[in-house]
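The values are calculated or read from the model by the stated rules, or taken from the named source; none is laboratory data. Keep in mind that this is a model prediction, so the values were computed, not measured. In this analysis, Cβ positions are derived from the backbone assuming ideal geometry, glycine residues included, and neighbour counts consider all displayed protein chains.
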Amino acid sequence: MKNILFIIFVILFISCTKGSIKPVSDLIKKNWAAKNINENNLEVFSIDGSNNIRQGYFQFKLNLSLGSVIFTDFDGTTFTGQWEISTDEKTLILLNLNPLPTGTNGQIEFSINSITDIELVLTRITANPKTGNTSTTYILTSN
């Protein structure tokens, strides 16, 4: 009898927790804005900062809420295109961007470091000549 009760408990536990985990592809469908940006592990922007090295990140937006992407970089340039998540849910790919971002073929890739309902942490995989090809980590917040 104890074994049966244990099995029932395990099944109930698994069925309750399984439904509460949202896939990355659902969590990411939001309008994101810069909160903190690091280039080569140096903080260059903080939403609360008064001495930001790159003030332009106030303009940085990543809108994934519409099924397509509207991406505004720190220099104010806005790109439109499509987006997709890799099958392992670890990479965000912006593709068919128009106009073509500097130094790309119209595609920018980001590693998805973490995601919650209110925060997305990305590291850009595709080099960005505008930042001197730094390794850039974006801590974004949904708005």
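Summary table
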quantity	calculated
Residue within the stretch 43-55 that is assigned to a strand (DSSP E or B) and in contact (Cβ under 8 Å) with a residue 12 or more places away in the chain present	yes
Residue among F110, F45, F71 that alone is out of contact with any Leu (no Cβ under 6 Å at 6 or more places or on another chain) and either surrounded by fewer than 17 Cβ atoms within 10 Å (Cβ to Cβ) or modelled with pLDDT of 95 or more (or both)	F45
Test result for N51, on the phi > 0 side of the Ramachandran plot and loosely packed, with under 15 Cβ neighbours inside 10 Å	no
Qualifying positions in the stretch 113-143 - surrounded by 14 or more Cβ atoms within 10 Å (Cβ to Cβ) and among the small types (G, A, S)	A127, S135, S142
